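Chemist: Okay, handing you the structure first.
Bear in mind these aren't lab numbers, they're just calculated from the coordinates by the rules spelled out. Since this is a predicted model, take the numbers as computed values, not measurements. Virtual Cβ from ideal backbone geometry, glycine too; neighbours counted across all protein chains shown.
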Amino acid sequence: MKSNHRICFFFCLFICFFFSCTKEENEEDQLYLDLIRDRLACMNMPRPEGSYNYPVYPGMKAWESLETENEKFQVCQIPFSILESMSTQAVIQAIWEYPFFTDIAEEGGNFQASFDRIIKQTNSYKELETRRDGGKYLLERYQKMQRLAGEDLLAKSYEIFFSQSEMLYQLSYPERIYAVQTILERKNKEKISTLFLMGRLMEGVFFPPLMEELERNQILKTFLETSAIDRLDDSFINKIVSNAEEFLVYKNEGYLELIKDELDCMNMPRPEGSFDYYLYPGMKEWSLFKYTSHMFTTSQIPESLLKDMSTQAIIQAIWEYPFFFELAPLLDDNYEWVFHTVIGSTNAYQELVTRVEVGKYLLERYRPMDFIGAAVMHPKNFELFFCQYDFLSQLNDKEKVEVVELAFEKEFIRQEYYGVVSATSQISWFLIGRTMQSAGYTPFIKEVEKKENLRYFLESFYIDKRPSQKEQTELMFLSIYEYGLQYIKQYI
């Protein structure tokens, strides 16, 4: 009995200790949330799951015991081991709640220098720079954020935060338009931080009218580098605002001339409702991009437009996509990876795969296509586009036979015109082979099962380029050629 009483005593002691610790933790959490109440109100959205509670914060006794600014900086560093497991939204939240976050907007003049000194040195921001979706989430927050009386420093600081090139470069041209539109609709564009953000949103995609203004306006150029300005007058505000208003409705007037060769080899009218890219290779502004990733993000289409575009107009957007011409040159042993990196990652393609009968629309384009026009690689890239099994599977038996017939016909036209069998012929054999696979053509399917090199080729465009395998590779292409002819004959 004594033993049982002892066990009960220790159990009760454990329960009391557990609940007292839990109560203490809950009280600490509540104290922390009380201290950041105003910041949460400005967010106008739920606090992200997994957000970090700073263990020492202004308003706590422990904070008052810290004697130097450096001690306060150090105690607010979040260990990288914790940051790595946090969502991007939670990392942004940690910067939003950072005790010194609003200090970047307090110092007059150069907000950018303040940001570099106060925020860029934190572990949180260094972690955010490694994320690819930071810009998207910052935009999402900016659209929801509200300016509350007495908390203007928060909004200003956030705009400086959002203005960082590392974050803005993750936004597409359409997303930048949406951000600028949000600013103009809020009618608070006279604030320095807002003008700074608006200018940087346009500058990041080398918006042509703004770039022309920067060439002749050193004050504006310096402002977009530092946010520093001696005198903020109406004329200065109007320069940025007028550019922003034009940014929302900008049309690339020379666009059709830039894509003339691509349009010629289509050999069909450009679909109604086709999208004109804002920036394009051949433009001076395009050449100013330093990184390919920035070109990719700039070349996305507004989601609101995509939903209303016809299937042919979306295919046209992919045909005119600035990187479409690089599909074949980049192709080396791994078709699916290259295709989805170059084309599959675009929002135009992601919308296209939700549509029905895409294969039929692709065949409709393939019939008249000119394979010896000035844009020599575009038709071959189109064949690689057509090679997706999802599109080929949408064709009936008769249409699949027509694809093989057209592939032969257009390849022979190229060979006759150029007088040689080029490496691009492999693309024709790839399309012919994949089409027969999609059709379930039994003799060819059995050949694929027997020949490992043929199976690898149709899966990934892999070709063994060792000299010792040259004869086997030639025999592989010959087998596709011969089975392709037989496949056509059975339907004649």
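Chemist: What is the stretch 349-436 by shape, rounded, prolate or oblate, if you read a ≥ b ≥ c off the alpha carbon gyration tensor as root eigenvalues and call it rounded for a/c under 1.5, prolate for a/b larger than b/c, and oblate otherwise?
Modeler: Prolate shape, in that a/c is at least 1.5 and a/b is the bigger ratio.
Chemist: Test of understanding: what is the full-extension gain from N123 to Q415, defined as 0.36 nm times their sequence separation minus their Cα-Cα distance?
Modeler: 99.2 nm
Chemist: Taking N as the number of residues in the stretch 21-171, what is its alpha-carbon radius of gyration divided by 2.2 N^0.38 Å?
Modeler: Relative to the rule-of-thumb radius for its length, the stretch 21-171 sits at 1.02.
Chemist: HN-Hα J couplings of the stretch 374-385 from phi, Karplus 6.51/-1.76/1.60, θ = phi - 60°, integer Hz, Gly and Pro as x?
Modeler: Once θ is set to phi - 60°, the couplings for the stretch 374-385 become 5, 7, 4, 8, 4, x, 5, 5, 5, 4, 5, 5 Hz.
Chemist: Now for a different question. Determine the shape class of the stretch 292-361: with a ≥ b ≥ c the square roots of the Cα gyration tensor eigenvalues, call it rounded for a/c under 1.5, and otherwise prolate if a/b is greater than b/c, oblate otherwise.
Modeler: The shape class here is oblate.
Chemist: If the cut-off is a Cα-Cα distance under 20 Å, which lysines reach K489, setting aside same-chain residues fewer than 8 apart in sequence?
Modeler: Within reach: K398, K400, K410, K446.
Chemist: Name the long-range amide H neighbours of Y280: under 5 Å, sequence gap of 5 or more, or other chain; modelled H, no Pro or chain starts.
Modeler: Amide H to amide H, under 5 Å and 5 or more residues apart or across chains, Y280 pairs with W286.
Chemist: Still on this structure, I have one more. Using DSSP to call loops (not H, G, I, E or B), can you name the chymotrypsin sites (Phe, Trp or Tyr not before Pro) in the stretch 215-311 whose Cβ has at most 12 other Cβ atoms within 10 angstrom?
Modeler: Here the chymotrypsin sites (Phe, Trp or Tyr not before Pro) that fit, given the DSSP loop and packing criteria, are Y291.
Chemist: Lysines near K72 by alpha-carbon distance under 20 Å, same-chain residues fewer than 8 away left out - which ones?
Modeler: K61, K120, K126
Chemist: Grab the other residues whose beta carbon is less than 14 angstrom from that of E320, score K and R as +1, D and E as -1, and report the net.
Modeler: Spelling it out: positives minus negatives among the neighbours equals -3.
Chemist: Does the chain come out rounded, prolate or oblate, given a ≥ b ≥ c as the square roots of the eigenvalues of its C-alpha gyration tensor, rounded meaning a/c under 1.5 and, failing that, prolate meaning a/b above b/c?
Modeler: Judged from the Cα gyration tensor, the chain comes out oblate (a/c at least 1.5, b/c at or above a/b).
Chemist: For the chain, what does the helix formula give at 222 nm: sum of -39500 (n - 2.57) over DSSP H segments with n ≥ 4, over the residue count, nearest 500 deg cm²/dmol?
Modeler: Dividing the helical sum by the residues of the chain leaves -18500 deg cm²/dmol.
Chemist: Can you compute 3J(HN,Hα) from phi for each residue in the stretch 252-263, using the Karplus curve 6.51 cos²θ - 1.76 cosθ + 1.60 with θ = phi - 60°, rounded to whole Hz and x for Gly and Pro?
Modeler: 7, 4, x, 4, 4, 5, 5, 10, 4, 5, 5, 5
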